[in-house]
Amino acid sequence: MSRLDSFIRRLSAQRDILNAVADEVKTLDGPVLELGLGNGRTFDHLRELFPDHRIVAFDRTVNAYGPSMPSAENLVLGEIKDTARTFIGANASLAHADIGTGYEDKDAITLTWLPEIMAGVLASGGLAVSGLPLDHPDLEALPLPSSVKGGRYFIYRRS
């Protein structure tokens, strides 16, 4: 598969999952957390899906397209593994992380801290959506929408 096709499948999976969990997330209290703002495409989509939720985005530096930037009070800059830890206990309704690199060695390092943070920031019953698998005892894997191939993207519920 070409890198373009892989990219399109990943973004389609991301969109399909976020759309599939939207109604449930809307019933939950707590902020929505976006770990990895990037150029702001997903942040912009989250704003459309959850206009009544506070959405906090994390990234190392600002690279987002102007209209897709969160307000200053909802943007946390620095190493995500450090800055997101400060939100443990935030009782988030949704935490989304699309910070995989596609390099197994780099993603293995991310997976030493990401599952703990994702579980820690969520409220009981909150949802985690991730491009990387999250192995944590407090996260239960949920079925994917039929449009998403297994192993492409992941959904979890916090116990």
Among (1) within 14 Å of the chain's Cα centre (by Cα); (2) crowded, with 20+ Cβ neighbours inside 10 Å - the single one Glu116 does not satisfy = (2)
Yes/no for Glu48 being touching a helix residue (DSSP H, G or I) at 6+ places or on another chain (Cβ under 9 Å) and among the acidic types (Asp, Glu) | no
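Any residue at all in segment 91-104 that's assigned to a helix (DSSP H, G or I) and over 24 Å from His53 (Cα atoms)?
Yes.
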Answer with yes or no whether Gly125 is part of a loop (DSSP other than H, G, I, E, B) and at positive phi.
-> no
Can you run down the residue pairs with Cβ atoms below 7 Å, 6 or more apart or on separate chains, where the first is in segment 10-29 and part of a loop (DSSP other than H, G, I, E, B) and the partner is not acidic (Asp, Glu)?
-> Leu28/Ser93; Leu28/Ala123; Leu28/Gly125; Leu28/Gly126; Asp29/Ser93
Name the residues in segment 43-59 that are surrounded by 13 or more Cβ atoms within 10 Å (Cβ to Cβ) and assigned to a loop (DSSP other than H, G, I, E, B), would you?
-> Phe50, His53, Arg54
Neighbours by Cβ (under 7 Å, 6+ apart or cross-chain): first from segment 91-111, in contact (Cβ under 8 Å) with a residue 12 or more places away in the chain; second surrounded by fewer than 16 Cβ atoms within 10 Å (Cβ to Cβ) and assigned to a loop (DSSP other than H, G, I, E, B) | Ser93/Asp29; Asp107/Thr101
Is at least one residue of segment 67-75 aliphatic (A, V, I, L, M) and surrounded by 19 or more Cβ atoms within 10 Å (Cβ to Cβ)?
-> no
Counting only residues that are closer than 17 Å to Ala90 by Cα and touching a residue at least 60 places away in the same chain (Cβ under 8 Å), which one in segment 125-159 is most open to solvent (accessible area, probe 1.4 Å)?
-> Gly125
Of the listed residues (Ala84, Ala64, Ala92), the one being surrounded by 18 or more Cβ atoms within 10 Å (Cβ to Cβ) and under 19 Å from Asp29 (Cβ atoms) is Ala92
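The values are calculated or read from the model by the stated rules, or taken from the named source; none is laboratory data. All values derive from a computational prediction rather than experimental measurement. A quick note on method: Cβ atoms are made from the backbone with ideal geometry, for glycine too, and the neighbour counts reach across all protein chains shown. Accessible surface areas use protein heavy atoms only, side chains included; no ligands, DNA or RNA. Shrake-Rupley method; radii C 1.70, N 1.55, O 1.52, S 1.80 Å.
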